[in-house]
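Notes follow the structure.
The values are calculated or read from the model by the stated rules, or taken from the named source; none is laboratory data. These numbers come from a predicted model, not from an experiment. Counting neighbours? That spans all protein chains shown, and the Cβs are built from the backbone with ideal geometry, glycine included.
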Amino acid sequence: MHRDIEIVNPMNNPGWDEMVMAAEGWTLFHTTAWARVLHETYQYRPVYFVVRDAGRLLALVPMMEVDSPLTGRRGVSLPFTDYCGPLVAEAACIADVNEFIQDYGRKAGWKSVEFRGGDLPDETASVSFYRHTLDLTADTERLFGRLKDSTRRNIRKAIREGVTVQMHNSLDAVREYYRLHCMTRQKHGVPPQPAGFFDKIHERIIGPGLGVVALASHDGVSVAGDVFFGVNGKALYKFGASDYACQHLRPSDLVMWEGIQWHAERGYHTLCFGRTEMDNEGLRRFKTQWGTDEHLIHYHKYDLRRDAFITETSQTGGSHHRFFHAMPIPVLRVFGSLLYKHMG
């Protein structure tokens with residue numbers, strides 16, 4: 001092993017974010033803000049594997065230990081994160097780091113190690129997703145011109161119908177978005193994340209200015225909303241929701257367009273639309289209609305007991321979705337509060 005590998009808790013490391021943001025390929029998910037959201041919501045233990053030289057980052061694999069009586073003890077990089085690949089300045093370091101992580105995981109009693117993104121061989125991927133990214137460096141007129149004709153029509157229709165959009169950073173706005181979020185999750189047959197997760201997102205990300213909530217209103221009632229994260233020119237669309245009964249107003253298209261304009265006007269150069277399941281054609285179409293570039297994200301899960309990479313199947317279908325779809329939202333929220341800690 002060429003250099004010492006540290007096991008670091010970024011929340012206890014002054015200057016962590018400055019070091020990370022000096023590395024190529026960083027995202028907000030690599031920062032202390034996201035580490036705090038995950039740790040403080042779900043009590044996951046940060047175990048970040050780092051190689052440094054005189055303060056310069058050579059390699060970083062961020063990881064949380066998920067310790068669950070239902071799903072076992074695992075290393076995940078990172079739970080509830082679209083992608084968070086290793087940061088690598090010296091390629092020779094990463095093989096040593098990966099070997100170190102496997103040894104550490106065996107000693108810690110981990111069942112597996114999961115990497116969400118990165119440059120491991122495609123054939124070892126456990127599951128793959130689409131990633132869509134929009135270049136924001138053009139002026140808003142050109143950005144609007146890149147949209148599909150139907151998307152431009154929907155935006156104009158929403159404006160004619162009297163839908164308006166405002167940007168917020170208050171806790172009240174996050175909670176109003178969460179109301180819509182629960183409605184959308186029920187429609188899709190999936191429990192919502194705990195309300196406390198969104199409260200922590202406000203405390204650590206939205207409130208300090210690392211993100212914004214866009215809410216679309218009609219007749220004084222919120223009918224759609226998006227949550228964006230953003231720092232140092234990089235923006236991410238993290239969550240979107242709407243009231244399905246108001247779909248005819250096309251508020252989701254307008255709220256996204258206003259979010260795109262807002263970030264472009266403030267000097268952001270990219271907007272990532274996050275991950276999309278390979279078989280979710282509806283969401284894929286929604287993200288491609290904005291003129292985005294499409295790439296692939298590969299997740300890799302290494303089973304430490306079998307010493308082998310393993311594959312997984314998509315969770316977008318199944319009878320459990322019908323089960324959750326039939327539940328009232330208060331009951332769904334209870335399920336979400338009970339389950340998500342174990343799902344990370």
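The single condition from (1) crowded, with 21+ Cβ neighbours inside 10 Å; (2) among the β-branched types (Val, Ile, Thr); (3) more than 19 Å from the chain's Cα centre (by Cα) that Val61 fails is (3). Taking segment 51-89 as the search range and keeping residues that are β-branched (Val, Ile, Thr) and at pLDDT 95 or above, which one is nearest to His300 (Cα to Cα)? My answer is Val76.
The requirement of being closer than 30 Å to Gly336 by Cβ and surrounded by fewer than 19 Cβ atoms within 10 Å (Cβ to Cβ) is fulfilled somewhere in segment 92-108, by at least one residue.
Output the residues belonging to segment 158-204 that are of a type in the set (S, T, N, Q) and under 18 Å from the mean Cα position of the chain (by Cα).
Kept after step one, since they are of a type in the set (S, T, N, Q), are these residues of segment 158-204: 164, 166, 169-170, 184, 186, 193.
Residues satisfying the conditions are Thr184, Gln193.
Any chance segment 268-279 includes a residue that's touching a Leu at 6+ places or on another chain (Cβ under 6 Å) and either modelled with pLDDT under 90 or part of a helix (DSSP H, G or I) (or both)? Among the residues of segment 268-279, not one is touching a Leu at 6+ places or on another chain (Cβ under 6 Å) and either modelled with pLDDT under 90 or part of a helix (DSSP H, G or I) (or both), which makes the answer no. Criterion first (surrounded by fewer than 13 Cβ atoms within 10 Å (Cβ to Cβ), out of contact with any helix residue (DSSP H, G or I) (no Cβ under 6 Å at 6 or more places or on another chain) and at pLDDT 90 or above) does Gly318 satisfy it? Judged against the criteria, Gly318 is not a match.
Here's the yes/no breakdown for (1) aliphatic (A, V, I, L, M); (2) farther than 28 Å from Arg250 by Cβ:
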site: Tyr268; (1), (2): no, no
site: Thr276; (1), (2): no, no
site: Arg284; (1), (2): no, no
site: Thr292; (1), (2): no, no
site: Leu296; (1), (2): yes, yes
site: Tyr299; (1), (2): no, yes
site: Tyr302; (1), (2): no, yes
site: His325; (1), (2): no, no
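Listed here are the residues, each with its yes/no results for (1) farther than 24 Å from Ala138 by Cα; (2) among the polar types (S, T, N, Q); (3) free of Cβ contacts under 8 Å to residues at least 24 places away in the same chain.
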| residue | (1), (2), (3) |
| --- | --- |
| Val231 | no, no, no |
| Lys234 | no, no, no |
| Leu254 | no, no, no |
| Arg266 | no, no, yes |
| Gly274 | no, no, no |
| Glu277 | yes, no, no |
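For Gly291, state whether it is assigned by TED's automatic domain parsing to the domain that holds Phe197, on the phi > 0 side of the Ramachandran plot, in contact (Cβ under 8 Å) with a residue 40 or more places away in the chain and part of a loop (DSSP other than H, G, I, E, B). Yes, satisfied.
So which of Gly209, Gly282, Gly240, Gly225 is in a helix (DSSP H, G or I), farther than 19 Å from Asp135 by Cβ, in the same structural domain as Arg179 (by TED's automatic domain parsing) and of a type outside the set (A, V, I, L, M)?
Gly282
Looking at Arg131, Arg142, Arg153, which one is in a strand (DSSP E or B) and either in contact (Cβ under 8 Å) with a residue 40 or more places away in the chain or of a type in the set (Lys, Arg) (or both)? Selected residue: Arg131, the only one of Arg131, Arg142, Arg153 that is in a strand (DSSP E or B) and either in contact (Cβ under 8 Å) with a residue 40 or more places away in the chain or of a type in the set (Lys, Arg) (or both).
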